[in-house]
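Heads up, the thing below is written out as structure tokens.
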Amino acid sequence: SQTIHQWPATLVQPVGSPLSLECTVEGTSNPNLYWYRQAAGRGLQLLFYSVGIGQISSEVPQNLSASRPQDRQFILSSKKLLLSDSGFYLCAWDRGASGNTIYFGEGSWLTVV
Amino acid sequence: AQTVTQSQPEMSVQEAETVTLSCTYDTSESDYYLFWYKQPPSRQMILVIRQEAYKQQNATENRFSVNFQKAAKSFSLKISDSQLGDAAMYFCAYSNYNFNKFYFGSGTKLNVKP
């Protein structure tokens, strides 16, 4: 069966520090991968999506970047965090055209102080 | 980009009653998918129901059913016989036909009163 893991689950970082959130998917190949952010009391905002290794599309201009160094690995990064980067980050995957829904990781709470 | 709008930030329903959550979306595509997801306090996203745009028949899943109005671009969720465990945030979502983009609404918080 397919599983998705992301870590760390909780992170408290000072303003200006770097960020690295990692997500891996197991049990499938060539998935579509996503990073979403859920700010407090708000909905899900699509940040990045990837249809293959090295292929990253950004939905909104921001302080964050994403990379896909391997087929089932998706990394969310920042060189210098801002207070506004605080939120709940969700990694997700789907099977593309042969799939029927999107699957989410456990989420990562980021607090920038 | 496609947009998904949920105009009800919060709703309440009495246990065993029926409640309807609203969702509208904007797209220029003719084939796509629509979803309702539930996010309990644990924050894990759970698929509730799925609708293919090319199907005229409304999807149902036990106590959950949708009213899909393609021309109006409306996709509401009806929860019958509401239970305390139904209390959660509910997100409406849209996916294009190729399944390479998912967009979510801002969510509706559902409270269930005993």
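The values are calculated or read from the model by the stated rules, or taken from the named source; none is laboratory data. Everything numeric in this text was worked out from a predicted model, so none of it was measured. Here the Cβ positions follow ideal geometry from the backbone for every residue, glycine too, while neighbour counts run over all protein chains shown. Areas reflect the complete protein model, heavy atoms only, side chains present, ligands, DNA and RNA absent. Shrake-Rupley method; radii C 1.70, N 1.55, O 1.52, S 1.80 Å.
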Of the numbered conditions (1) under 30 Å from B:Ala59 (Cα atoms); (2) open to solvent by 30 Å² or more (accessible area, probe 1.4 Å), A:Gln13 satisfies every one except a single condition; which is it?
(1)
With the checklist (1) more than 10 Å from chain B (Cβ to nearest Cβ); (2) touching a residue at least 40 places away in the same chain (Cβ under 8 Å) in hand, flag the one item A:Ile56 doesn't pass.
(2)
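Here's the yes/no breakdown for (1) part of a loop (DSSP other than H, G, I, E, B); (2) more than 9 Å from chain A (Cβ to nearest Cβ):
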{"residue": "B:Val4", "(1), (2)": "no, no"}
{"residue": "B:Leu34", "(1), (2)": "no, yes"}
{"residue": "B:Tyr94", "(1), (2)": "no, yes"}
{"residue": "B:Asn98", "(1), (2)": "yes, no"}
{"residue": "B:Ser106", "(1), (2)": "yes, no"}
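Yes or no, residue by residue, for (1) in contact (Cβ under 8 Å) with a residue 12 or more places away in the chain; (2) open to solvent by 60 Å² or more (accessible area, probe 1.4 Å):
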| residue | (1), (2) |
| --- | --- |
| B:Gln14 | yes, yes |
| B:Ser28 | no, yes |
| B:Tyr32 | yes, no |
| B:Pro41 | yes, yes |
| B:Gln51 | yes, no |
| B:Ala59 | no, no |
| B:Lys78 | yes, yes |
| B:Asp86 | yes, no |
| B:Phe104 | yes, no |
Leading residue by the ranking (nearest to the other protein chains (Cβ to nearest Cβ)) among those in the range A:76-91 that are of a type in the set (A, V, I, L, M, F, W, C) and surrounded by fewer than 20 Cβ atoms within 10 Å (Cβ to Cβ):
A:Phe88
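Output the residue which, of all residues in the range A:59-84 that are in a loop (DSSP other than H, G, I, E, B) and free of Cβ contacts under 8 Å to residues at least 60 places away in the same chain, is farthest from A:Pro14 (Cα to Cα). Talk me through it step by step, then tell me what you get.
Initially, the range A:59-84 is screened for residues in a loop (DSSP other than H, G, I, E, B), giving A:59-64, A:71-72, A:79-82.
Restricting the remaining residues to those that are free of Cβ contacts under 8 Å to residues at least 60 places away in the same chain gives A:59-64, A:71-72.
Values: A:Glu59: 25, A:Val60: 23, A:Pro61: 22, A:Gln62: 18, A:Asn63: 15, A:Leu64: 15, A:Asp71: 31, A:Arg72: 29 Å.
Looking at residues that are in a loop (DSSP other than H, G, I, E, B) and free of Cβ contacts under 8 Å to residues at least 60 places away in the same chain, I get A:Asp71.
Just to be sure I understand, how many residues within the range B:11-32 are of a type outside the set (Gly, Ala, Ser) and not in a loop (DSSP other than H, G, I, E, B)? Before the answer, list the steps.
Quick first cut of the range B:11-32, residues of a type outside the set (Gly, Ala, Ser) only: B:11, B:13-15, B:17-21, B:23-27, B:29, B:31-32.
Of the ones still in play, those that are also not in a loop (DSSP other than H, G, I, E, B) are B:11, B:13-14, B:19-21, B:24-26, B:32.
Residues meeting the conditions: 10.
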Within the range A:102-113, can you find the residues that are within 13 Å of chain B (Cβ to nearest Cβ) and open to solvent by 10 Å² or more (accessible area, probe 1.4 Å)?
A:Tyr103, A:Phe104, A:Glu106, A:Trp109
Can B:Arg63 be described as within 14 Å of chain A (Cβ to nearest Cβ) and without any contact (Cβ under 8 Å) to a residue 24 or more places away in the chain?
no
Within the range A:33-58, take every residue that is more than 10 Å from the chain's Cα centre (by Cα) and within 18 Å of B:Gly107 (Cβ to Cβ) and give me the one that is most open to solvent (accessible area, probe 1.4 Å).
A:Arg42
Looking at (1) open to solvent by 20 Å² or more (accessible area, probe 1.4 Å); (2) touching a residue at least 60 places away in the same chain (Cβ under 8 Å); (3) part of a strand (DSSP E or B); (4) in contact with a Gly (Cβ under 8 Å, 6 or more places away or on another chain), which one does A:Asn30 not meet, given that it meets all the others?
(3)
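Can you name the residue in the range B:40-60 that is outside any loop (DSSP other than H, G, I, E, B) and either at pLDDT 95 or above or in contact with a Leu (Cβ under 9 Å, 6 or more places away or on another chain) (or both) and, of all such residues, is farthest from A:Gln38 (Cα to Cα)?
B:Glu52
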